[in-house]
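The values are calculated or read from the model by the stated rules, or taken from the named source; none is laboratory data. Everything numeric here is computed off the predicted structure, so don't read it as measured data. Please note: Cβ atoms are built from the backbone with ideal geometry, for glycine as well, and neighbour counts cover all protein chains shown. Surface areas here come from the heavy atoms of the whole protein model, side chains and all, with no ligands, DNA or RNA. Shrake-Rupley method; radii C 1.70, N 1.55, O 1.52, S 1.80 Å.
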Amino acid sequence: MITVIAMANTLLFGRVIKVTINTSDGYLNFNNDDLEIHFEINFDDDEKPNVNTVSIYNLTKTTIGRIKKEQKISVTAGYKADYGLLVEGKIAGIKTSYENEIDKLTKITFAEGTSYTSKKTPKAITFRKGTTGKQIISKLTGLLGIKPATVSIPKNKVYKSGYKVTGQIENNLVEVVKDCGASMYWRRGRMVIRSIKTGDDERFTLSEDTGLIEPPESFDDDNGKGYTVRCLLQHRITTASIIQLKSSTANGTFRVRSGKHYCDGSDFLSEFEVI
């Protein structure tokens, strides 16, 4: 089934995987032409940065020694004629083990976002009466070392009695964002603050000709109605992507709310939910 679909569109020939790590003495660049690379990249529209994994086979001891925690990492994937960034983040762990007597596997775990650092304020931060939500958001993202890709709040709440930040700064940030009628989530490793109903038009129609593997299946849960979709890996798909679906079960414009991209050595797929 996958082979038949891939043949329907020449853009889906030739898998591309590129992993870049920013080390203290330059960049490490890995690609699937030279190495076997597996990955799982998750995305959703809640405020917590997702944890992802990249597994690379048979790296040299010297190369493994250059990979450290806190280094920036990015994963790009797709096909020879059409590939793009899936996510960027910061390395949280590196583990090397042997799968057998020959193959050495280095598994890199990383959280999306390259600048975010969880912080607890040592003392209360007090904002004066009349401070707006936008002012507080700007201050708190700065304290966390975040440069959001987008800040667009539906309403700029005025805190008539002021506002006090205590404990984990990110918890206060989430509270103020919600007070302003917005949501906070991560998109390809960049923070986004805006209405949960807003998305990014990818100008892309997913159908059998462009990689849809099977008819989408409908769901109805507490957060809305939608479809579960499975397709050949598509880099345009991520949190808040607005896409067109053309299939026997779902047709129209939808917003992506969660999913994952993965390559396990055989499958090279994107699975996600749209509403």
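For the peptides 146-153, 41-48, 83-90, 217-224, the ranking by packing is 83-90, 41-48, 146-153, 217-224, with the highest mean count of neighbouring Cβ atoms within 10 Å listed first. Once you keep just the Cα pairs under 8 angstrom separated by 6 or more residues, what percentage relative contact order results for the chain? Once normalised by length, the contact order is 19 percent. Across Tyr262, Tyr185, Tyr27, the residue with the most accessible area heads the list, and the full order at a 1.4 Å probe is Tyr27, Tyr262, Tyr185.
Which of the aspartates and glutamates could be linked to Lys164 by a straight reach, that is with a Cα gap under 12 Å, when you skip same-chain ones fewer than 8 residues away? Here the aspartates and glutamates satisfying the reach criterion relative to Lys164 are Glu175. Here each label is just a point 7 Å from Cα along the line to Cβ, and for Lys107 and Lys69 those points are 1.7 nm apart. Beta bridges assigned by DSSP with both partners in the chain are antiparallel in approximately 90 percent of cases. Residue-wise HN-Hα couplings along segment 56-69, as the Karplus relation 6.51 cos²θ - 1.76 cosθ + 1.60 with θ = phi - 60° gives them from phi, are 10, 8, 6, 6, 6, 4, 5, 5, 4, x, 7, 8, 10, 4 Hz; Gly and Pro carry x.
May I ask you to rank Arg230, Arg128, Arg257 by accessible area, largest first, using a 1.4 Å probe over the protein chains only?
Arg128, Arg230, Arg257
Round to the nearest 10 and give me the degree value, 0 to 90, for the angle of helix 133-143's Cα axis relative to the longest principal axis of the chain. For 133-143 against the chain, the angle is about 60 degrees. Evaluating 6.51 cos²θ - 1.76 cosθ + 1.60 at θ = phi - 60° for every residue in segment 108-124, the Karplus couplings come out as 10, 9, 8, 9, 5, x, 9, 10, 6, 9, 5, 9, 10, 5, x, 8, 4 Hz, glycine and proline recorded as x.
Normalised per residue, the accessible area of the chain is 51 Å², obtained with a 1.4 Å probe and no contribution from ligands, DNA or RNA.
How tilted is helix 169-179 with respect to the longest principal axis of the chain? Cα atoms for both, answer in degrees (0 to 90, nearest 10). That works out to roughly 80 degrees. Shown is the FRET efficiency for Tyr27 and Ser115, computed with R0 = 25 Å from the Cβ-Cβ distance and rounded to the nearest 0.05: 0.85. Estimated at 0.36 nm per residue, the fully extended path between Asp221 and Lys61 surpasses their Cα-Cα distance by 52.8 nm.
Rounded to the nearest percent, how much of the accessible area of the chain (1.4 Å probe, protein heavy atoms only) is carbon and sulfur? Could you put the intermediate results ahead of the total?
Numbers: 6520 of 13950 Å².
About 47 percent, which is the carbon plus sulfur part of the accessible surface.
Residues in segment 31-56 near a label at Phe13, defined as backbone nitrogen under 16 Å from the 7 Å Cα→Cβ point? Within reach of a label on Phe13: no residues.
Ignoring lysines fewer than eight residues from Lys69 along the same chain, the ones with Cα atoms less than 28 angstrom from its Cα are Lys18, Lys48, Lys61, Lys90, Lys95, Lys104, Lys107, Lys119, Lys120, Lys139, Lys147, Lys260. Given that just one value was derived from the coordinates, which of [x] 62, 51, 28; [y] 49, 47, 36; [z] 52, 42, 32 is Cα extents along the principal axes in Å? From the options [x] 62, 51, 28; [y] 49, 47, 36; [z] 52, 42, 32, the structure gives [x].
Lys and Arg at +1, Asp and Glu at -1: add these up for the other residues within a Cβ distance under 13 Å of Val87 and post the number. Walk me through the numbers before you get to the answer.
Numbers: positive: Lys18, Lys72, Lys90, Arg187, Arg188, Arg190, Lys260; negative: Glu40, Asp44, Glu88, Glu112.
Net local charge, Val87 excluded: +3.
Listed by chain and number, the lysines placed with their C-alpha closer than 18 angstrom to that of Lys197 are Lys155, Lys178, Lys225; residues fewer than eight positions away on the same chain are left out.
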